[in-house]
Structures are given as structure tokens and as C-alpha cells.
Amino acid sequence: MKTIIVIGGSKGIGKAIINTLVNSHKVVNISRTARNFEHANLTHHTCDVTTDNLPEIQHADGLIYCPGSINLKPISRLSITDFKNDFEINVLGTVKAIQHYLPILKKGNKPAILLFSTVAATLGMPFHASIATAKSGVEGLVKSLGAELAPTIRINAIAPTVTNTQLASKLLRNDKMIENITERHPLKKFLNPEEVADMATFLMSDKAASMSGQIFQMDCGIVSFKI
């Protein structure tokens with residue numbers, strides 16, 4: 001049974017990932033808010049990765065970093081502080097976690113790291129300047145560390161489109177907005193967090209042993225197709 005550290009596992013995609021992993025893995029959840037359920041395989045640490053010292057963990061075979069932001073404004077309304085905050089949550093928090101847990105990951109059983117990007121890092125969309133910039137940094141980190149950590153540790157990222165979580169609630173706040181977002185995607189759907197969790201579970205597993213340094217688009221066709 002592998003031990004997976006999940007940072008930001010109390011809500012949204014992170015919560016779905018823990019629900020998927022916890023029956024067959026030991027899971028360490030590091031999050032600002034506590035989990036609302038107990039499980040024999042689940043350990044929780046309350047921690048804000050951007051400001052607090054990360055807890056010491058003795059063993060880990062994987063690390064999943066889930067915190068993110070959706071800060072959508074025109075460039076004229078985005079402050080330098082907005083850019084700094086998005087970069088801190090999405091990039092510097094990731095770097096901090098990887099640096100802190102790298103020594104134990106190197107000793108793990110076929111260890112892997114999973115990060116999260118966004119389709120906006122590939123597909124230019126208005127009002128996404130800050131988050132697209134930050135997530136592009138995440139993608140660069142995946143490419144660089146994929147090379148640096150091979151063959152010991154694999155690292156990949158998932159780049160999801162709109163996912164039905166609390167973080168995206170403003171984008172899905174009424175039936176008209178849900179219809180518009182659905183119609184924008186060639187597959188006429190957007191994501192639910194369980195779909196993303198299934199992909200995350202696969203990428204952390206030994207079945208993905210040949211995959212590292214990759215950005216996996218879960219885009220419902222919006223990046224891949226023009227219809």
C-alpha cells in the first residue's frame with residue numbers, strides 16, 4: 001500500500017482525489033480546512049502551504065499538489081498583487097512542497113508527483129492573464145523537473161477545463177452560464193471532479209510508469225478541436 005501526500009485535499013478536485021485513493025492507499029491530507037470524514041487510511045494536517053511550515057512526514061511514495069485559483073479580470077483590473085498571489089498559490093506553493101518532500105519521495109516506491117495546470121495555459125482566453133501566467137509556470141516546472149528527477153521520480157500535470165467545484169462556482173452560478181459553458185466545449189460537457197480524480201489516480205499508479213514530464217489536457221475538446 002503506497003502513501004500519497006495530497007495538498008489541498010479537503011475541497012474540490014483534491015477531495016475527489018482523496019475519495020478515490022483512500023480505500024487502496026494511505027493518504028496524508030495537508031489542507032487549510034479539515035476533512036469532514038474519517039478513514040483508517042487518512043491522516044490530516046491543518047496547514048496553509050503558502051505561509052506555514054509543512055509537516056514532517058516520514059515516508060511517501062507520491063505527492064499531489066491541488067491548490068489553485070480562478071482570478072478572472074481584464075488586464076486593466078489585474079493588479080501586480082493579483083499576479084503575485086496567483087503565482088504564490090500555484091507555483092511557489094508547489095516548489096515549496098516539492099523541495100520539502102523530495103528527500104522522502106526519493107526513497108519511496110516508484111514515486112510520482114502530480115500538479116495541476118489549466119487549459120488557459122494553452123488556449124488564449126480573455127481575462128485569464130494572471131492564472132494563465134501562473135499555470136504556464138507550473139507547466140515549465142513539470143518539463144524541467146521531469147528531466148531533472150528522471151529516472152527516480154515521475155512528474156506530470158493535468159490541465160482541466162472548467163470543473164464543477166466550489167472554486168468554479170461563479171462560472172456555473174446559473175442555468176444560462178452552465179448552458180453557455182457546455183455549448184463552448186465540442187464534447188458538449190464540462191468536467192466533474194471525479195473524472196479528474198480518476199485520471200490523477202492513473203497517473204500516480206505504476207500503470208503510468210512510462211509517462212513523465214507530460215501535460216494531460218482534460219479539455220472536453222475545447223483546446224483540441226475547432227468545430
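The values are calculated or read from the model by the stated rules, or taken from the named source; none is laboratory data. Being a predicted model, the structure only gives us computed values, none of them experimental. Because the Cβ atoms are built from the backbone with ideal geometry, glycine has one as well, and the counts that use them run over all protein chains shown. Quick note on the areas: whole protein, heavy atoms, side chains included, nothing else; ligands and nucleic acids left out. Shrake-Rupley method; radii C 1.70, N 1.55, O 1.52, S 1.80 Å.
Lys/Arg Cβ at +1, Asp/Glu Cβ at -1, dipole of the chain taken about the Cα centre: which of ILE13, MET125, GLN58 is farthest positive-ward?
Going by the charge dipole, the pick is MET125.
If you place +1 on the Cβ of every Lys and Arg and -1 on the Cβ of every Asp and Glu, how big does the dipole about the Cα centre of region 164-215 come out, in debye to the nearest 20?
With only Lys, Arg, Asp and Glu charged at Cβ, the dipole is about 240 debye.
Among the listed pairs LYS107/LYS207; LYS15/LYS226; LYS11/LYS106; LYS96/LYS188; LYS96/LYS207, which are separated by more than 26 Å between their Cα atoms?
LYS15/LYS226; LYS11/LYS106; LYS96/LYS188; LYS96/LYS207
Nothing charged except the Cβ atoms of Lys and Arg (+1) and of Asp and Glu (-1): what's the magnitude of the dipole of the chain about its Cα centre? Round to the nearest 20 debye.
Computed about the Cα centre, the dipole is about 160 debye.
Can you compute the FRET efficiency between MET177 and LEU92 using 1/(1 + (r/R0)^6), with r the Cβ-Cβ distance and R0 = 35 Å? Round to the nearest 0.05.
0.65
Suppose all protein chains stay in the model; what accessible area per residue would a 1.4 Å probe give for the chain, in Å²?
50
Normalising by the residue count of region 87-152, find the relative contact order in percent from Cα pairs under 8 Å and 6+ residues apart.
41
Could you tell me which trypsin sites (Lys or Arg not before Pro) in region 38-136 are loop residues by DSSP with no more than 14 other beta carbons within 10 angstrom of their beta carbon?
Sparse-neighbourhood loop trypsin sites (Lys or Arg not before Pro): LYS107.
In whole percent, and with a 1.4 Å probe on the protein chains, what portion of the accessible area of region 1-143 is carbon and sulfur?
53
If you stretched the chain out fully between LYS170 and THR81, how much longer would it get, using 0.36 nm times the residue separation minus the C-alpha to C-alpha distance?
Extra length available between LYS170 and THR81 comes to 29.9 nm.
With a cut-off of 8 Å between alpha carbons and a minimum separation of six or more residues, what is the relative contact order of the chain in percent?
Dividing the mean separation by the residue count of the chain yields 21 percent.
So, with a 1.4 angstrom probe, what is the percent of accessible area on region 160-201 that is carbon and sulfur?
For region 160-201, the apolar C and S fraction of the accessible surface comes to 52 percent.
Could you calculate the contour length gain from ASP198 to LYS106, that is, 0.36 nm times the residue separation minus the distance between their Cα atoms, to one decimal place in nm?
Net length gain for the segment: 30.7 nm.
Dipole magnitude of region 5-96 about its Cα centre, charges +1 at Lys/Arg Cβ and -1 at Asp/Glu Cβ only, in debye to the nearest 20?
280
Mind checking the full-extension length gain between GLN58 and PHE37? Use 0.36 nm per residue of separation minus the Cα-Cα distance, one decimal, nm.
Working it through step by step, the gained length comes to 5.2 nm.
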